[in-house]
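Engineer: Shown below is the structure under consideration.
The values are calculated or read from the model by the stated rules, or taken from the named source; none is laboratory data. Just so you know, these numbers come straight off a predicted model, no measurement behind them. Neighbour counts are summed over all protein chains in view; Cβ atoms, including those assigned to glycine, are modelled from backbone coordinates with ideal geometry. To get the accessible areas, we keep the full protein, side chains included, count just its heavy atoms, and leave off ligands, DNA and RNA. Shrake-Rupley method; radii C 1.70, N 1.55, O 1.52, S 1.80 Å.
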Amino acid sequence: MNKLVIGCVIMAVFVACKEKKVEVSKQQVEKSRYKEEYRPQFHFSPQEKWMNDPNGLVYNKGVYHLFYQYYPEDIVWGPMHWGRAVSKDLVHWEHKSIALFPDEHGLIFSGSAVVDKKNTSGFAENGEAPLVAIFTYHSMEGETTGRKDFQTQGIAYSLDNGDTWTKYAGNPVIPNEGIKDFRDPKVFWHEPSENWILTLVAGDHAKFYTSKNLKDWTHLSDFGKSQGAHGGVWECPDLFPLQLEGSDEEKWVLIISVNPGAPNGGSGTQYFVGNFDGKTFTSDQKEPKWLDYGTDNYAGVTYNNVPGNERIFIGWMSNWDYAKVTPTTTWRSAMTVPRQLSLHKVEDDYYLANYPVDEMDTLTSSTLIDQVEVAAGATDTLQVEGLNQSEIQLKTTAKNFQLLFKNELDEVLVLDIDSKNQTLTVDRTLSGKVDFQEDFGARKHVAPLKNLKEGSHQFKILMDWSSMELFIDQGLVSMTEQVFPSSPYTTLVIDNKDGKEPIIVQSIKNIKSIW
Ligand code: FRU
């Protein structure tokens, strides 16, 4: 062999080895993924990198689409794309490639998606109804040069159920007349008027628009300047009808996220119950009502086009106060479990409840603890292997008690029910790692219980490796909280020493991993 040939052979072997090495380490990464410390096992989180709001929630052809605010280069917020995943059952998710990339109009901020069944947009081809995404363009250039009109609304369509997307050549479809915060369009088909209705937020209020074709939009009305919470900027609106439980009465619900200004600090989601006549939303409600009193349920919106008119909600399980510094390494943030919304009346007032969808029950497998009764005046300590990936159900008329989740390091997450103040308090101040940000473990989080009826109450708690979701009475009260214990919780203390009635722990079940 001459020198050149030998050189080529060595080179080829070197390249092959290098490729093999890359291949092997890629496989190792894949294998170790979803086993990292704090990685949620039954919540959606991206394979890697940064995620915030859920976007484009729409059901089409047997598939629940989940797009999300995504920055594929880092685990902190950066130039936004729409990441994408799909599910057939709302429980197991398949990751797909990025759906929308930034372009000459800007980054791709939050928005929604619809199935244009009647081809009002004219985007259909060969009888295939388009999926149309409606989102905010955020121009970095506009923002840095001090302009106010840097957020506009654009659309894109897909003719293969979300696999590939084409941006509309006539973008932006809603220009900006000089409003600094002007974003997060949520669109739905309003059957009575046969129009598309779009809600977006403009700093301190919501704006409603109408269109016949998803391209030409006319402003209809505004809502909210002097109603609800205004501790920060309004974000991620959603407007939809909901039937009052146990009646024929229908009301309209407007969801508005606000950052900051939530009852327990940072970002949170308020709602208004009222009426919508196809043009104007009205509500007598002056004070805000909160969808979730925990600190980690933000920017949530509901699915379009779900069969049977169910209202299914997903929120981003974090808070802008500390989202960028939570102690995870390869990815950041997860979604809440999908939740079914329902409307209830308590003493002449309307309340929105949110509760894990029934499909979540398919994940509960072995029973870790069978029925246990904790008598009035008693305290029970249960050792539960697998507590940190479990569903706990209990029932009680007791009005003063505490649940404590503990680990071997004596870190503790405390849930406290207090009849005197009619409150539920979540105390994560000593729950594990809290010092990555000053507010995370600074104070207890309180929810009022005044919207619960008298009598026995049903509790459901979902524990994942870095979160706790608590629902009382089908979600009339809910609290969603991130926690980062230094070692998993293994002990549940049920402290009923001040109680006058027993607490029935109906079951503690393991929840299977979805990954
Ligand atoms: C809400 C939000 C939206 C915006 C997006 C940007 O969390 O601030 O208003 O569209 O995130 O990522």
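Engineer: On a straight-distance basis, which lysines could pair with Lys395 in a cross-link, Cα separation under 26 angstrom, same-chain partners fewer than 8 positions away excluded?
Structural biologist: Excluding near neighbours in sequence, the set is Lys289, Lys345, Lys406, Lys420, Lys444, Lys450, Lys453, Lys460, Lys497, Lys500, Lys509, Lys512.
Engineer: Between Thr362 and Lys96, what FRET efficiency follows from the Cβ-Cβ distance if R0 is 35 Å, with the result rounded to 0.05?
Structural biologist: After rounding, the FRET efficiency stands at 0.95.
Engineer: Find how much the distance from Asn421 to Leu452 grows on full extension, using 0.36 nm per residue of separation minus their present alpha carbon separation; answer in nm with one decimal.
Structural biologist: Taking 0.36 nm per residue and subtracting the Cα distance, the gain is 9.8 nm.
Engineer: May I ask you to give the solvent-accessible area per residue for the chain, in square angstrom, as obtained with a 1.4 angstrom probe?
Structural biologist: Heavy-atom SASA per residue in the chain reads 42 Å².
Engineer: Select from segment 176-235 those trypsin sites (Lys or Arg not before Pro) which occupy a DSSP coil region and have at most 11 other Cβ atoms within 10 Å, ordered by residue number.
Structural biologist: In loop regions of segment 176-235 (DSSP not H, G, I, E or B), there are no sparsely surrounded trypsin sites (Lys or Arg not before Pro).
Engineer: Okay, helix-only estimate at 222 nm for the chain: each DSSP H run of n ≥ 4 adds -39500 (n - 2.57), divide by all residues, round to 500 deg cm²/dmol; what do you get?
Structural biologist: The helix-only estimate for the chain comes to -2500 deg cm²/dmol at 222 nm.
Engineer: If I ignore ligands, DNA and RNA and count only protein heavy atoms, how much of Ile504 is accessible to a 1.4 Å probe, in Å² to the nearest 10?
Structural biologist: 40
Engineer: Say each of Lys35 and Thr145 gets a label point 7 Å from the Cα, pointing the same way as Cα to Cβ; how far apart are those two points in nm?
Structural biologist: Modelled inter-label distance: 5.2 nm.
Engineer: Please report the equivalent ellipsoid semi-axes of the chain, computed as sqrt(5 x eigenvalue) of the Cα gyration tensor, largest first, in whole Å.
Structural biologist: Semi-axes, largest first: 38, 34, 20 Å.
Engineer: Order the peptides 282-289, 493-500, 253-260, 29-36 from the highest to the lowest mean number of other Cβ atoms within 10 Å of their residues.
Structural biologist: 253-260, 493-500, 282-289, 29-36
Engineer: Quick one: length gained pulling Trp77 to His105 fully straight, 0.36 nm per residue minus the C-alpha distance?
Structural biologist: 8.2 nm
Engineer: Give the peptides 128-135, 410-417, 166-173 in descending order of average Cβ contacts within 10 Å, highest first.
Structural biologist: 128-135, 410-417, 166-173
Engineer: Let me ask something additional. Compute log10 of I(q)/I(0) for segment 46-109 with the Debye formula, placing one identical point scatterer on every Cα and leaving out solvent, at q = 0.19 Å⁻¹, to two decimals.
Structural biologist: The computed values of log10 I(q)/I(0) come out as -0.68.
Engineer: Restricting to Cα pairs below 8 Å that are 6+ residues apart, what does the relative contact order work out to for segment 290-426? Please round to a whole percent.
Structural biologist: Relative CO of segment 290-426 lands at 13 percent.
Engineer: Hey, another quick one. Could you sort the peptides 379-386, 392-399, 216-223 by per-residue average Cβ neighbour count (10 Å cutoff), highest mean leading?
Structural biologist: 392-399, 216-223, 379-386
Engineer: Would you calculate the separation in nanometres between label points at Gln371 and Lys395, each defined as 7 Å from the Cα along the Cα-to-beta-carbon direction?
Structural biologist: 0.8
Engineer: Relative contact order for the chain: what percent, with Cα pairs under 8 Å and sequence separation of 6 or more?
Structural biologist: Computed over the chain, the figure is 13 percent.
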